[in-house]
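Enquirer: Below is a structure I'd like to ask you about.
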Amino acid sequence: MLFGLVRTLAQGWVHELYVKPKFHFSFFGFDGLPRIGESAIYVLYAALIVAALFIAIGFLYRISISLFFLGFTYLELFDATNYLNHYYLICLFAFVLIFLPANKAYSLDAKLGIAKRATDVSAWTIYLIMAQIGIVYTFAGLAKLHPEWIVNAMPLTIWLKEREHWPILGSLFQLSFAPILFSILGAAYDLFIFWFLLFKKTRPMAYITVVVFHLITWSMFNIGLFPLIMIVSNIIFFSAAWHKKWLSKLGEIPNSKIHSQSFPKWAILYLCIQLILPIRFLFYKSQILWAEEGYRFSWRVMLVEKSGIANFTIKPKGKPGFEVRNSDFLMAFQEKQMAIQPDFILQYAKYLGRYFKRTMNLTELEVFVDSHVALNGRVSQVFVKPTINLLALEDSWESKTWVKAHPEL
Amino acid sequence: MRNQILIVIVGLSLAIFSSCKPKTQDDGNLCSSDYDQSALLKNYANNIIIPGLETFENEFSSFKSSWDSYKTKAKSLTQLQVGLKDVYLEFQKIQCFDFGPMESQNFIEKANPFPCNQMELAKSITTANTDFSKPDRYDIGLPALETLFYGLAKSDIDSFKTAKTQEYISAIINDLHNRIKTINTDWVSYKADFLSRKGTDASSSLSLMVNALNKNFEISKRDRVGIPTGALTLGIKQANLVESPHAEFSKELLLGNLDCTKRFFQGIWNKGDGEGLDEVLDYIKASKNDIGLSIGILNNYDAMIAKLQSYSGTLKNQVVNGNSEVIALYSLMSKQLVYLKSDMPSVLCIAITYLDNPSDSD
């Protein structure tokens, strides 16, 4: 995490992502989130870096991990157009780690007596992390059982074609059956890897697969730290004896035990939420890949190649309408995400409504959008119904009936 | 036993995969098709881009000599103005080539930053501010020349003839002349690279061309039409912000520009119609609303051109006296942008990259 934070700072992304945009998109229910200024963000980043360092060496662990969770989650909530599944995963891990005794053995806390040294560990703490990993993989796999992935081999066909000039792997990608083969392998990996990791007999082979799979996807896609996180966190599946063998190389052989103890109530509740969130899409009638209702927080990764155009018309009452130049209000990366996700289109329309009411001193106006989205190598389709005044809508848990259905999905 | 099962599984999967026919053009997108880009890239390099850039250089060289003879009073201002108009119109034809050597020379930004900022221009002339490498200068290029030749030349002929003004004009002309010469020299070595970069990734020649076409079309839509007509500026018309506000050949410039992006799309050159983007779309059988995508695009090009030709006066005049017709043109351009920027890249499996994300994706 330390590396990731420093990388973000060094690339100058902080300014681009948090400071430059005039308008920030919110997650549902977080539209009142206060946004701190530039210097405060740099302070927060510095604090997170210190916290990450302290967590790694186990110094003031409980405070550090709590601060890290709060700070990192706050940054993720800052602008919803930055949402990535693996940042969400980091938030979840950080949350869970607050309650786990990760500072009991090889930590500065234990050495200094800040935390009581313990070499025993409750089994549920391990199972909780395992379950979380299992949920990520399994739901990612289930999401790939959509005909678009498993039959049409989309969007992998597009991505492999882009990489057909690669050394060695490139010639493989050029094979006519490569997209469908890789799609099936990808789905199978996600669906079954958790189970193969779980059983002792298959574990070594499964872990090698984990490393190979994540290294390949790392080289192919711009997915940041995710492969590293998965490769490292999957080590938890190995047995206590295996861990001890390696830890003994650090010089100290603890006489530790894993004792069974039932899951605490909060962990059960947490897992239930994690199981429900990815299937909430079942309650929506819309097409999941198109309208993306129930899409986030569901481990739906790499499923779509989408691009969109969304032009907004402001129509003051009794006056001719005019079009908005999105670049006056949004950064390129925000506009890109906004144009393909209905809740962002609505948030932005509301913002435009407020902005023009204020600056033009108007009480009544309407906002319409002319939006077109192209999905997975198809021609574009009209996205939001163009005759609907967006200001008359409210975002809610209910189905977004103002999004037109895709005729081919 | 276990080995036998394994063999059966491997055999079965091989059978399944080999029975999957190589996908052909029926899939409607380029990444699932067996389209070979060789002829396409050759046509663009040999017949369209390189000859186009060479013609522009020749045109610009003769304009440069017009200017030199004007300084020695061998040519009249009118002759100079005609020369500028020819160069400006020729410039419209090469704007879609804004990648590779042309992009490295920042040619569009240096040759045509409009509208010209007259205050800055006057300041730069007095201070001899001829460092054209600075970005975001709106007192250089063809718009500055247009202002000086048509705007100031009409009203304030003396100031136009001052030594400082003439030096500034020479500096602009020399700068652009050097840039176009460099572009043409660079294309000699760039050509092999261009021809070899097949595929659909962001550095492929096809992707560069589709992005350049879109970038140019979007500038036309926004700056040449959207802003003057008020469609993008709270409905407030700004007729003076057209591309050539003094000489008022904005309509010809826009026609030249639309015609050029249309011909670029078709792969048409002086001697005939070669393999172009329309042929690729036809090959992969891309269609929208039950008609071929290429037909839809070409029909809408024709509609835009016809709309523009229907204006009796200049574009500026049309904005002032019949803006609803210019708004109608703007709507057609919005429709075209959906075709060019959303439909076409999607079926060609190409990403629009000229505005891009910081950070990762997932």
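Enquirer: Could you tell me which of the pairs B:Lys221/B:Lys335; B:Lys134/B:Lys164; B:Lys221/B:Lys271; B:Lys64/B:Lys85; A:Lys116/A:Lys257 are separated by over 18 angstrom between their Cα atoms in the structure shown?
Expert: Details: B:Lys221/B:Lys335 11 Å; B:Lys134/B:Lys164 20 Å; B:Lys221/B:Lys271 29 Å; B:Lys64/B:Lys85 13 Å; A:Lys116/A:Lys257 16 Å.
Check vs 18 Å cut-off fails for B:Lys134/B:Lys164; B:Lys221/B:Lys271.
Enquirer: Over segment A:50-197, calculate the relative contact order: mean separation of alpha carbon pairs under 8 Å at least 6 apart, over the residue count, as a percent. Show your work: numbers first, answer last.
Expert: On the way: 129 pairs, mean separation 27.7, N = 148.
Result for segment A:50-197 is 19 percent.
Enquirer: Now for a separate question. Compare A:Phe194, A:Phe30, A:Phe199, A:Phe368 by solvent-accessible area with a 1.4 Å probe and give them largest first, with all protein chains kept in place. It would help to have the intermediate numbers written out before the result.
Expert: On the way: A:Phe194 25, A:Phe30 90, A:Phe199 125, A:Phe368 45 Å².
Heavy-atom accessible area, descending, gives A:Phe199, A:Phe30, A:Phe368, A:Phe194.
Enquirer: As an exercise, use a Förster radius of 56 Å and the Cβ-Cβ distance of A:Met205 and B:Asn184 to find the FRET efficiency, rounded to the nearest 0.05.
Expert: 0.40
Enquirer: Return P(r) of segment B:29-128 (all Cα-Cα pairs; 5 Å bins starting at 0; whole %; ordered from short to long distances).
Expert: Over segment B:29-128, the share of Cα pairs per 5 Å bin runs 2, 10, 14, 16, 17, 15, 9, 5, 4, 3, 2, 1, 0 percent.
Enquirer: In addition: If each DSSP helix of 4+ residues adds -39,500 (n - 2.57) and the sum is divided by the residues in chain B, what number results at 222 nm, nearest 500 deg cm²/dmol? Display every interim value, and only then the final one.
Expert: Values: 17 runs with 206 residues, N = 362.
Calculated from helices alone, the mean residue ellipticity at 222 nm is -17500 deg cm²/dmol.
Enquirer: Just how far, in whole angstrom, is segment A:279-321 from segment B:282-342 if you go by their alpha carbon centroids?
Expert: Measuring centre to centre over Cα atoms gives 27 Å.
Enquirer: Expressed in nm to one decimal, what extension gain is obtained for the pair A:Phe192 and A:Phe30 from 0.36 nm per residue of sequence separation less their Cα-Cα distance?
Expert: On the way: separation 162, 0.36 × 162 = 58.32 nm, distance 3.54 nm.
Here the segment from A:Phe192 to A:Phe30 would lengthen by 54.8 nm.
Enquirer: Per-residue accessible area for B:Tyr70 at 1.4 Å probe radius, Å² rounded to 10?
Expert: 20
Enquirer: On to the next question. With a cut-off of 8 Å between alpha carbons and a minimum separation of six or more residues, what is the relative contact order of chain A in percent? Working shown, then result.
Expert: On the way: 493 pairs, mean separation 59.4, N = 409.
With pairs under 8 Å counted, the relative contact order is 15 percent.
Enquirer: Work out the FRET efficiency for B:Asp302 and A:Thr313 from their Cβ-Cβ distance, taking R0 = 30 Å, and round it to the nearest 0.05.
Expert: On the way: r = 26 Å, r/R0 = 0.86.
Calculated value: 0.70.
Enquirer: To continue, here is another question. Under 15 Å from the Cβ of B:Met344, count the other residues' Cβ atoms, weight Lys and Arg +1, Asp and Glu -1, and hand me the total. Before the final figure, lay out each step's value.
Expert: Numbers: positive: A:Arg378, B:Lys215, B:Lys262, B:Lys285, B:Lys288, B:Lys335, B:Lys341; negative: A:Glu305, B:Glu218, B:Asp278, B:Glu279, B:Asp282, B:Asp343.
Spelling it out: positives minus negatives among the neighbours equals +1.
Enquirer: When only the heavy atoms of the protein chains count and the probe is 1.4 Å, how do B:Ile227, A:Ile258 rank by accessible area, highest first? List each step's numbers first, then the result.
Expert: Numbers: B:Ile227 25, A:Ile258 85 Å².
Highest to lowest solvent-accessible surface, that is A:Ile258, B:Ile227.
Enquirer: Do any residues of segment A:289-338 show a loss of at least 40 square angstrom of accessible area between the isolated chain and the full protein assembly, using a 1.4 Å probe, and if so which?
Expert: SASA drop of 40 Å² or more in segment A:289-338: A:Ile309, A:Phe322, A:Glu323, A:Arg325, A:Ala332, A:Phe333, A:Lys336.
Enquirer: Here's a follow-up. At the nearest 100 Å², what buried accessible area, both sides summed, do you get for B and A when the probe is 1.4 Å? Intermediate values should be presented prior to the final figure.
Expert: On the way: alone 17090 and 21170 Å², together 34530 Å².
What B and A bury together is about 3700 Å².
Enquirer: Something else: Ignoring ligands, DNA and RNA, what accessible area per residue does chain B give at 1.4 Å, in Å²? Write down the numbers at each step before the final one.
Expert: Values: 15200 Å² over 362 residues.
Counting only protein heavy atoms, the per-residue value for chain B is 42 Å².
Enquirer: Give me the accessible area per residue for chain A, probe 1.4 Å, as a whole number in Å².
Expert: On the way: 19330 Å² over 409 residues.
Each residue of chain A exposes 47 Å² on average to a 1.4 Å probe.
Enquirer: On to the next question. Under the Karplus relation 6.51 cos²θ - 1.76 cosθ + 1.60, θ = phi - 60°, what is the ordered set of whole-Hz ³J(HN,Hα) values for segment A:149-155, x standing for Gly and Pro?
Expert: Rounded to whole hertz, the list is 7, 8, 9, 7, 6, 10, x.
Enquirer: Further question: Would you check the accessible area of B:Asp282, probe 1.4 Å, heavy atoms only, in square angstrom rounded to 10?
Expert: 90
Enquirer: Could you tally the net charge around A:Pro278, taking each other residue with its Cβ under 11 Å from the Cβ of A:Pro278, Lys/Arg +1 and Asp/Glu -1?
Expert: Working: positive: A:Arg280, A:Arg296, A:Arg300; negative: none.
Local charge sum for A:Pro278: +3.
Enquirer: Let me have the 222 nm mean residue ellipticity of chain A computed from DSSP H runs of 4+ only, each contributing -39500 (n - 2.57), with the sum over all residues rounded to the nearest 500.
Expert: Theoretical 222 nm ellipticity from helices: -15000 deg cm²/dmol.
Enquirer: Say a paramagnetic label sat at a point 7 Å from the Cα of B:Ser69, along Cα to Cβ; which residues of segment B:173-188 have their backbone N under 20 Å from it?
Expert: B:173-174, B:177, by backbone N distance to the label point.
Enquirer: If R0 is 60 Å, what FRET efficiency do you get for A:Val151 and A:Leu269 from their C-beta distance, rounded to 0.05?
Expert: Values: r = 37 Å, r/R0 = 0.62.
Step by step, r from the Cβ atoms, then E = 0.95.
Enquirer: Here's something else I'd like to know. Any chance you could tell me what percent of the C-alpha pair distances in the protein assembly as shown go past 40 Å?
Expert: Numbers: 133820 of 296835 pairs.
Roughly 45 percent, once rounded to a whole number.
Enquirer: Give the accessible area for A:Leu77 in Å² (nearest 10); use a 1.4 Å probe, count only protein heavy atoms, and leave out ligands, DNA and RNA.
Expert: 30
Enquirer: Also, I was wondering about something else. Using only the Cα atoms of chain B, what are the Rg and Dmax in Å?
Expert: Cα-based Rg and Dmax for chain B come out at 24.2, 100 Å.
Enquirer: Just tell me how shielded B:343-353 is by partners: mean number of partner chain Cβ atoms within 10 Å of each residue's Cβ, no decimals. Can you show the working numbers first?
Expert: Numbers: counts 6, 3, 4, 12, 5, 2, 10, 4, 4, 3, 0.
For peptide B:343-353, the averaged partner shielding equals 5.
Enquirer: May I pose another question? Report the antiparallel proportion of the DSSP beta bridges in chain A as a percent, rounded to a multiple of 5. It would help to have the intermediate numbers written out before the result.
Expert: Values: 16 of 18 bridges.
Of all bridge pairs located within chain A, approximately 90 percent are antiparallel.
Enquirer: Say each of A:Tyr355 and A:Asp120 gets a label point 7 Å from the Cα, pointing the same way as Cα to Cβ; how far apart are those two points in nm?
Expert: Taking the two extended label points, one gets 6.1 nm.
Enquirer: Also: My understanding is that a pair violates if its Cα-Cα distance is over 28 Å; which of B:Lys42/B:Lys341; B:Lys123/B:Lys307; A:Lys306/A:Lys385; A:Lys161/B:Lys285; B:Lys191/B:Lys341; A:Lys336/B:Lys262 do that in this structure?
Expert: Details: B:Lys42/B:Lys341 24 Å; B:Lys123/B:Lys307 39 Å; A:Lys306/A:Lys385 18 Å; A:Lys161/B:Lys285 18 Å; B:Lys191/B:Lys341 26 Å; A:Lys336/B:Lys262 26 Å.
Exceeds cut-off: B:Lys123/B:Lys307.
Enquirer: What percent does the relative contact order of chain B come to when contacts are Cα pairs within less than 8 Å and at least six residues apart?
Expert: Values: 431 pairs, mean separation 78.9, N = 362.
It rounds to 22 percent for chain B.
Enquirer: Suppose accessible area is computed on protein heavy atoms with a 1.4 Å probe; arrange A:Trp397, B:Trp67, A:Trp124 from highest to lowest.
Expert: Details: A:Trp397 170, B:Trp67 5, A:Trp124 30 Å².
Sorted descending by solvent-accessible area, the residues read A:Trp397, A:Trp124, B:Trp67.
The values are calculated or read from the model by the stated rules, or taken from the named source; none is laboratory data. All values derive from a computational prediction rather than experimental measurement. Quick reminder, even Gly has a Cβ in these numbers, built from the backbone with ideal geometry, and neighbours come from all protein chains shown. Surface accessibility is based on the protein's heavy atoms, side chains included, excluding ligands, DNA and RNA. Shrake-Rupley method; radii C 1.70, N 1.55, O 1.52, S 1.80 Å.
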